[in-house]
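Encoded as C-alpha cells, the structure appears first; notes follow it.
Every number in this text was worked out from the coordinates using simple rules, so none of it is lab data. Everything numeric here is computed off the predicted structure, so don't read it as measured data. Every residue, glycine as well, gets a Cβ built from its backbone with ideal geometry; the counts of neighbours run over all protein chains shown.
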Amino acid sequence: MAVAAIAGLAVVASGCAIQEGGGGGETTLTFWNYYSGTQLDWLKEQAATFEDEHPGVTVNLVQTVGSQHDQKLLASVATDSTPDLFINNIVVDFPTLVAGGVMLDLTDYWDDFDAASEFPDNAAWRSDDKVYNLMSYTNLLGMYYNKDILDEYGIAVPETLDELTAAMETVAAGGEYQGVALSGAASVEGAWLFAPQFLGLGVDYCNLADNADIVGGAFDRVAQWREEGLLPQAAATWDQNASWQQFMTGKYAFGLNGNWQLGNVKDAAFEYGTTQFPAPEGGVSQVFPGGEGFAIGSKSKNPDLAWEFVEQMIMSQQGGESVFEFAGSIPLNSGAAGSEAVAADPFVQPFVTAAQATANWPNNPETSAMQKALGTAVSSVISGQSTAAEATDAAIDDISAAMEKGGGTCS
C-alpha cells in the first residue's frame with residue numbers, strides 16, 4: 001500500500017543531482033522524495049528528461065526518510081528553505097502540511113492547466129477552496145479470483161458483496177477450498193480493506209455516526225464470514241503481503257488486494273482474473289485511493305519552473321503512461337488511462353475503472369488515528385474478540401473522538 005509504505009525506507013545520500021541530462025547548474029530544482037525501487041527509477045527518468053528539455057536546469061533529487069519527511073518539511077518553513085518540489089503521503093500528511101504553511105497555493109496554476117479536465121475532481125486536493133496538492137496516479141483495491149475454483153463450482157464472478165458471500169458458501173461447502181484472503185490487521189491496512197463495504201453507499205469516516213445501521217451491517221457481514229469459516233480468524237493479523245501469500249497458495253477462491261500485485265499474480269499456478277471490489281447491496285463499487293501527492297514548496301525560489309516540471313513530467317499523459325510502465329501505478333490522467341499500454345492489459349482494467357470514481361479521504365490531521373480505530377475494530381471481529389455490535393460502537397466512538405481531536409472537521 002503506497003500510502004503506508006513510506007516508513008522504514010533506507011537513507012540514501014542527499015543532494016544527488018541527476019546528471020544524465022547534463023544540466024548546466026544555472027538553475028537547480030530541489031525535489032524531496034522518499035521513493036525507492038521502481039518509483040524512484042521513474043522519477044529519475046522524468047528528471048533526466050526534464051533536464052534534457054530545459055538546458056541549464058538541474059533537478060536535484062534528495063532522498064528523505066519517510067518517518068522524518070513531515071518534520072523536515074515543517075522545519076524548512078522556519079528556515080525559509082522549503083524544497084521546490086516534494087511528494088507526500090497525501091492521506092495522512094495533507095492537513096498537517098497545509099496548516100504548517102509548507103505548500104504553495106497552486107490554484108492559479110491548476111485553473112490555467114489545459115489538461116485539468118482530464119482528471120477526476122479528487123486529483124486536486126483542496127483546503128478552503130484552494131488547491132495545494134495534486135495526484136497524478138493512484139493505487140487501488142480490487143478483487144482477484146481463482147478462475148479454476150470458480151469454474152469447478154460453476155460460479156460467476158461476484159459483482160456484489162452478497163454475491164461474494166454466496167459464492168464463498170458454495171466453495172466452502174465443497175470442503176476443498178476456502179473463501180477469501182484479505183488483510184484484517186488492526187491497522188490502516190485492515191481499515192482500507194474494510195471501508196469499501198460501506199463507501200459505495202455514501203458512508204465514510206465523515207458520517208459514520210449518522211449511518212450506524214450501514215456500518216453495523218458491514219461488521220455483521222464480516223462476523224458472518226468468520227463464523228461460517230469463509231474468512232479465517234488468522235486474517236485478523238494478516239497485512240496485505242501476508243494475505244496475498246495466502247491467496248497465491250491456490251487454496252482461496254478470492255483475494256482482496258491491490259493493483260501492485262498485478263506483477264506478482266503472474267506467478268500463480270492457477271488461472272486467475274481481476275474485477276472491481278464487490279459493491280455493497282444497493283450501492284456501487286467504491287474504494288479509497290492510495291498514492292502520493294505532488295506539491296511545490298511555499299518558499300520555492302522557482303515556483304514557475306517547479307510548476308513546469310509538475311505540468312510536463314507528472315500530470316501529463318506522458319507522465320501517467322510512464323509511471324504505469326515503471327511502477328504499475330494507475331494513472332489518473334484519462335488520456336494515459338486509455339493509452340494502448342494500459343488498454344492492452346485486461347487485468348488492470350478494473351483498477352483503471354475504480355480510479356475514475358474513488359471515495360474522498362477526510363481532511364483532518366487525525367486521519368491516521370481514524371483509520372487505526374476502524375482497523376482495530378474490524379480485526380477484533382475477525383479474531384472473535386468482539387461482536388459486530390461492539391465493534392460498530394467502538395469504531396464510531398473512537399473515530400468521532402479522533403475527528404474532534406483533529407479540530408472537529410472532516411472535509
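The figures follow:
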| quantity | calculated |
| --- | --- |
| Footprinting exposure proxy for Glu189, Glu292, Glu176, Glu159 (fewest neighbouring C-beta atoms within 10 Å first) | Glu176, Glu159, Glu189, Glu292 |
| Computed magnitude of the charge dipole of the stretch 193-284 (debye, nearest 20; Cβ of K, R +1, Cβ of D, E -1) | 320 |
| Unit charges at the beta carbon, dipole of the stretch 261-403: most positive-side option, Trp307, Ser400, Asn363 | Trp307 |
| Full-extension gain in nm, Thr409 to Asp304, via 0.36 nm per residue minus C-alpha separation | 34.6 nm |
| Computed [θ] at 222 nm, deg cm²/dmol, the chain (DSSP H ≥ 4; -39,500 (n - 2.57); rounded to nearest 500) | -12000 deg cm²/dmol |
| Total charge dipole magnitude, the stretch 22-130, about the Cα centre, Cβ charges on Lys, Arg, Asp, Glu only, Debye to nearest 20 | 580 |
| Given charges at Cβ of Lys, Arg, Asp, Glu: the chain dipole, positive-most of Asn207, Pro95, Ala78 | Ala78 |
| For Met135, net neighbour charge (Lys/Arg +1, Asp/Glu -1) across residues whose Cβ lies under 15 Å away | -4 |
| Sites Ala115 and Glu53 - FRET efficiency at Förster radius 22 Å, r taken between beta-carbons, to 0.05 | 0.80 |
| Distance (nanometres) between label positions extended 7 Å along Cα→Cβ at Thr38 and Val65 | 2.8 |
| Sequence of Leu134, Leu40 once ranked by neighbouring C-beta atoms within 10 Å, starting from the fewest | Leu40, Leu134 |
| Per-residue HN-Hα couplings for the stretch 61-76 [Karplus 6.51, -1.76, 1.60; θ = phi - 60°; Hz; x = Gly/Pro] | 7, 10, 7, 10, 8, x, 5, 10, 4, 4, 4, 5, 5, 4, 5, 5 |
| Calculated FRET value between Asp397 and Ala343, using beta carbons and R₀ = 51 Å, to 0.05 | 0.65 |
| In degrees, nearest ten, helix 161-174 long axis to first principal axis of the chain (Cα) | 50 |
| Table column - 3J(HN,Hα) (Hz), the stretch 128-140, Karplus curve with 6.51, -1.76, 1.60, x for Gly and Pro | 6, 6, 10, 8, 10, 9, 10, 10, 9, 8, 8, 10, 9 |
| Distance between the stretch 111-159 and the stretch 281-324 - C-alpha centres, whole angstrom | 14 |
| Cβ-placed point charges (K, R +1; D, E -1), dipole of the chain about Cα centre in debye, nearest 20 | 960 |
| Length-normalised contact order of the stretch 170-253 in % [C-alpha pairs under 8 Å, at least 6 apart] | 51 |
| Entries of Lys147/Lys372; Lys301/Lys372; Lys130/Lys405; Lys301/Lys405; Lys130/Lys301 with Cα pairs more than 27 Å apart | Lys147/Lys372; Lys301/Lys372; Lys301/Lys405 |
| C-alpha long axis of helix 90-99 to longest principal axis of the chain, angle in ° | 40 |
| Of all DSSP beta bridges in the chain, antiparallel share, percent nearest 5 | 65 |
| Computed over the stretch 253-411: relative contact order in percent, which uses C-alpha pairs under 8 Å that are six or more apart | 21 |
| Residue order, fewest to most surrounding Cβ atoms within 10 angstrom, among Asp345, Asp121, Asp93 | Asp121, Asp345, Asp93 |
| On Cα atoms only, tilt of 388-405 relative to the major axis of the chain in degrees | 20 |
